[in-house]
1. I need the Debye-formula profile for the protein assembly as shown: one equal scatterer per C-alpha, no solvent, reported as log10 I(q)/I(0) at q = 0.06, 0.08, 0.09, 0.11 1/Å, two decimals.
2. Suppose we take every Cα in region A:99-169 and form the convex hull; what volume per residue is that in Å³?
3. Considering only DSSP beta bridges whose two residues both sit in the protein assembly as shown, what percent are antiparallel, to the nearest 5?
4. Starting with the fewest neighbours, write out B:D241, A:D18 ranked by other beta-carbon atoms found within 10 Å of each beta-carbon.
5. Ranking request for peptides A:101-111, A:25-35: highest mean number of other beta-carbon atoms within 10 Å first, then the rest in descending order.
6. With both bridge residues required to lie in region A:173-282, what share of the DSSP beta bridges run antiparallel, to the nearest 5%?
7. Picking from B:L176, A:G22, B:A219, whose Cα lies most toward the positive end of the charge dipole for the protein assembly as shown (charges on Cβ: Lys, Arg +1; Asp, Glu -1)?
8. Structure shown: which of A:K23/A:K233; A:K271/B:K4; A:K249/B:K245; A:K23/A:K271; B:K4/B:K48; A:K85/B:K271 lie over 32 Å apart, alpha-carbon to alpha-carbon?
Amino acid sequence: MAEEKLLLEVKELKKYFDTPRGKLHAVDGVSFKLNRGKTIGVVGESGCGKSTLGRTILRLIDSTEGQVLFDGKDITHVSGEELLKLRSEMQIIFQDPFSSLDPKMTVSQIIEEPLKIHKVYKDKKEREARVVELMEIVGLDERYINTYPHELDGGRRQRIGIARSIALDPKFIVCDEPVSALDVSIQAQILNLMMDLKDQHGYTYMFITHDLSVVKHISDEILVLYLGTMVEKTSSDRLFKNPIHPYTKALLSAIPIPDIAYKGREAQVMKGEVTSPIEPPEGCRFAARCPLATDKCRSESPAFVEVEEDHFVACHYWDKQ
Amino acid sequence: MGEKLLEIKDYSVTFTSDKVDFYAVNHVNLTVEKGEALGLVGETGAGKTTTALSIMGLLSKYGTKTDGEIWFDGKQLTGMKEKDYRKIRGKHISMIFQDPMTSLNPVFPVGNQIADVIKIHNPKMNQNDVNSKVDEIMKMVGISAERKFDYPHQFSGGMKQRIVIAIAIACNPELLIADEPTTALDVTIQAQVIKMMRQLQQELNSSVILITHDLGIVANFCDKVAIMYGGEIVESGTLEDIFDKSLPHHPYTIGLFNSLPNIAEKTERLKPILGLTPHPSELPQGCKFHPRCPECLDKCKSGDIPSLYTDGTHCIQCHLYHKEDA
């Protein structure tokens, strides 16, 4: 039974990019498991490898090392027909609804495209009926069926992106900052839509974001990344109640809270900037900004250990805080 | 009550493009006192940036119609000659733009860009003094002066934003307008920038207008808040007036707060505002918010909505509270 629940397993996934100055370690040894119908939130600052991780799992880019098991099958190196079939099971919602939709296609053409490619319906009428159905699911009025993306606002465009990604009824959807380009009132509408879809269709999400309040709202489990490495992973509630890694703590304290009870609350302001991910030195990647860093941190990479049930941290001094 | 530094009286801006009128700002009244931080909150298209550009005198002359008055430190800014405006802009009022990636000139070292502002407003200052002033300002924003010969692309996003802030504060302005200064930045860098802005505000005793859509930053930084919707200020007051949930609020303000996922307590489902923000060319009659308002009354659909429920500092533009008063 436990086996059946498991949908996605990522093992020691690595993605290095070649640059003129050396290898850029975008994703460096990320492992996690994700059960059906659950949502994992991936959090981190810009450049920490969140998007690369999502894209590597989806096979939009090839990994350097490691394995991705999807539905019990190793998909790290599948190609051709098999890969095409895989695409109908895993989808992505992109961050920017302005650049991820083809400006020369109408709403119906955009939503229809995956159905055409995968030859889901033989009959054109059936396909068109499905497009209308999808538009209804995501809350887009049918009268927009022949409009172009530029005629619509950000919220509606993001709804098109969602309709396109659920067109083939995938099992797994990577949501790459799907609401960060939207206004708060629209953001709430889209978040509600995504949660409804999950409840109705049992989708499994990987939710990539830098907005911690959003990730808390939507995720069951949260993975915190720093420069391509995992620093902390635990359930959403526990991460907010009991963060252990100094980076997670700093990240949480930096969220501005819309409540005057917190006015003047001093965020733990971290010194310095993110170290370069190109040929990073041995040791903890966060050491340069960490208030607790010692020589050990600068020379030895901390292991990702389970400090309490289902709570993993990569820090030499997790018990000394 | 402190001394008034900036006063905007019944100010409106209309843009005309292809014979269509865009009502960007409608009858806005605002005052900022010395040393005060005002948060101007609203969503895309609410008229926040247009208001800011009006204060800076940076609106395009063509296709733009303005009405009303803006007073700064006893001088009227509206209708001022460009020559005179230039003496104020950058020296007495300056602005931090939203996107640090595009507001710096990529072909000049950052030190030169900071020095430019100083030289323009202090034409008699000699080069050595300018240089030491540049060093001093860079130190103030937390960037070592050795980096003044570097170009913008050699800095990270957070550092670029600090350079933009350095340019804005180079002449110790009395009023600093920050237009979404941290939207493009990560939370940890945002915390650094906000902390720095607060320090600078205290050191220089400047007033700040912080334009943002993030109520979290407002709660953290501002003394007064004005909430904009459809080019109007729908609610304004002190920070306590706006954030105290036991006080009455404009339905839009309530909707904004309900749209935010709460960190402190787990909410099962967000309560977003239904519908979409109206386009400035198609603003509804009556209350601009009425098509989306859950408490809309018949009288909201037409006519002027007077500012009501003025309780000292707290002001709400909504019919709902008038009923209670009468």
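1. Evaluating at q = 0.06, 0.08, 0.09, 0.11 Å⁻¹ gives log10 I(q)/I(0) of -0.37, -0.66, -0.84, -1.23.
2. Value for region A:99-169: 80 Å³ per residue.
3. 60
4. A:D18, B:D241
5. A:25-35, A:101-111
6. Close to 60 percent.
7. A:G22
8. Result: A:K271/B:K4; A:K85/B:K271 exceed 32 Å.
Every number here is computed from the coordinates shown, using simple stated rules; none is lab data. Keep in mind that what you see is a predicted model, and the values were worked out from it rather than measured. All Cβ positions, glycine included, derive from the backbone under ideal geometry; neighbour counts span all protein chains shown.
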